[in-house]
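Taking it in order: structure first as C-alpha cells, then the write-up.
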Amino acid sequence: MRNRSAKTVHISFRQLVDIPSTTHGVFGLYRYPAKFIPHVIAYVLKHYGKPHMSVFDPFAGYGTVGTVARLYNLDYEMWDLNPILEVLHRVTLLKVPKIDPSAVVSEMRRSKEEYCPDWSNVAYWFHEQVLPVLKRAWGYYHSLQEEVERLLLTIPLLKVSRLFSYDDPGRMKLSKSPRSIARVEGILRRGVEREFYGHLSNEIDSLVRRLRQYSDMSPRPVRSVVKAGIDTLTETLTETRDLLVTSPPYMQSQEYIRYAKMDLFWLGHPEEEIRRLAKLEIPYRTVPRVRINSPTFHILREKIDEEKMLRVYDNYFHAIVGFFDRIQKQIGYRMFIFVGRASMRGRPVPIDEIVAEHLVANGWRHEETLVDKISARRMFRYGKNPATQIEDARTPSERLVVLSK
Ligand SMILES: C[S@@+](CC[C@H](N)C(=O)[O-])C[C@H]1O[C@@H](n2cnc3c(N)ncnc32)[C@H](O)[C@@H]1O
C-alpha cells in the first residue's frame, strides 16, 4: 500500500548543487561504504537549513553531514557504531599543512619503532615480506606525540596498507580474491619498501590537495558533537536538533565493521572491541519489538515464509522504527531519510514507504520523496545477496524521504 498523499519527484542532486564532483576535496579522501555524495546533504541544507540551525545524523559513517554542515554554517551532531568516524572526521577538519612528504617519509624510514595489531589473523591478510614494512610504518605512526602529525598520516597509511593487503576493496567485507592476490604478487616483484613509500608520499600529497580544496569552500567554525563507537539504538540525544539527515544501514548485510576492521586494527583497536561492535550492527541483532504502523510492512511480512529471512526483516524494521519512535520528539522541524530499495528473494521491499507510513501515523507530514536516478552513494558490489545467496536483483535507485512536523 503506497502513501499516496506525498509526491515522488525525480531529481538529480548533482545538477542542483554546485560542488564540482562527488569526490571533490575531503569528500573523496576515503572510500567509506555507502557514503553519501555531498550533493544530497548540500541540497537539503541549502533548501531547508538556516545558519546556526543544527543537523543530526545518527548513522553518520564517514561524517559527510558534518563536513557539509560547516559549508552552510550549521551546527551538527553525528553518531556511529564505527569508531573510525571520529578519526576520519578529525582529518577532514585539519588546517592545510605545510608539509614535505619526502621529509616525512625519510623520517619514517629511519624509525626503529614497530607496531603489531592485536589481530589473530594478521598473517593471513599480509604477505610475510609486506608485514614487516607495515609494522615499522605504523610503529612510527603510533610513536608520534603530536596529534596533528598523526592525523596527517592516518588516511595515507590506511589506504596504502589496504592496497598492500590481500583484501579486494570492492567487496563488502574483507575477502581475498584472485585479483587481490595478483596485485600483491606484482608489488613483491617490484619491491615492497620502495613501492610502499612511493604510494605513501603520493597519498600525503593528495591529502594536502584535498584539504586545500575543502578549505577553498570556506567551511565555518560551528559547534559539533561526534560520538563514535556508540550504539545509536541506546544512545541518548541530549539536545534538540532542528533537522535530521541520515541514511540508516543497509537491510541485508552486516558490512560496516567487517569492512573497516583492517583499518581499525592498524589504528589500535583490539580484536575484542571489534567483535563486540560487530554484534551491535543492525540488522543482525535481536532488538525489542515495537508497534509498526505501516500496512506495507505487515502485508510484505505475511509473504515471507523462511524463518531466517523473517528474522532479518523483523530485526531491521524494529530497529529502525524503534529508533525513530524514540528520537522523533527531539527533532524540531524536518527529517530526511535516505534509503535504498532492497529486495528479499526477488521481492522488492520499499523501505522508504514503510518508514514514511509509520512516521505519518506518528503525526509527521510526508512532504515528498526525491528519487535520484543515478545512485547517489557508492554501494558495495554484491554478486550474490549475502543473506539469500541468490543473484542480486537490487537496483541502485535511492530515495530521500522528506518529512515535516
Ligand atoms: C549507510 S551507512 C551511513 C553512511 C553515511 N551516510 C556516509 O555518508 O558515510 C550506515 C551506518 O550505520 C552504522 N550502524 C550500523 N549499526 C549501527 C548501530 N547499532 N549504531 C550506530 N550506527 C550503526 C554503520 O556503521 C554505518 O556507518
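The values are calculated or read from the model by the stated rules, or taken from the named source; none is laboratory data. None of the values given here were measured: they were computed from a predicted structure. As a convention, Cβ positions derive from the backbone with ideal geometry for all residues, glycine included, and neighbour counts pool all protein chains shown.
For the reader, a short list of remarks on this structure follows.
- Conditions (1) in contact with a Lys or Arg (Cβ under 6 Å, 6 or more places away or on another chain); (2) within 24 Å of P58 (Cα to Cα): number failed by G170: (2)
Matching residues to (1) among the charged types (D, E, K, R); (2) in contact with a Pro (Cβ under 7 Å, 6 or more places away or on another chain); (3) without any contact (Cβ under 8 Å) to a residue 40 or more places away in the chain:
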site: L131; (1), (2), (3): no, no, yes
site: E146; (1), (2), (3): yes, no, yes
site: L151; (1), (2), (3): no, no, no
site: P156; (1), (2), (3): no, no, no
site: E185; (1), (2), (3): yes, no, yes
site: F196; (1), (2), (3): no, no, no
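- The one condition in (1) crowded, with 18+ Cβ neighbours inside 10 Å; (2) modelled with pLDDT under 95; (3) closer than 30 Å to I84 by Cα that V321 fails to fulfil: (2)
- Here T234 fits the description: within 16 Å of the ligand (Cβ to nearest atom), assigned to a loop (DSSP other than H, G, I, E, B) and either surrounded by fewer than 19 Cβ atoms within 10 Å (Cβ to Cβ) or not hydrophobic (A, V, I, L, M, F, W, C) (or both).
- Residues that are assigned to a helix (DSSP H, G or I), in contact with a Phe, Trp or Tyr (Cβ under 7 Å, 6 or more places away or on another chain) and buried (at least 16 other Cβ atoms within 10 Å of the Cβ) do occur in region 285-299, at least one of them.
- Those residues of region 71-110 which are more than 30 Å from I181 (Cβ to Cβ), in contact (Cβ under 8 Å) with a residue 24 or more places away in the chain and polar (S, T, N, Q), in sequence order: N73, T92, S102
- Residue match in region 70-78 (condition: within 12 Å of the ligand (Cβ to nearest atom), crowded, with 23+ Cβ neighbours inside 10 Å and either among the aromatic types (F, W, Y) or closer than 22 Å to L280 by Cβ (or both)): yes
- For the condition surrounded by 14 or more Cβ atoms within 10 Å (Cβ to Cβ), free of Cβ contacts under 8 Å to residues at least 40 places away in the same chain and small (G, A, S), G139 qualifies.
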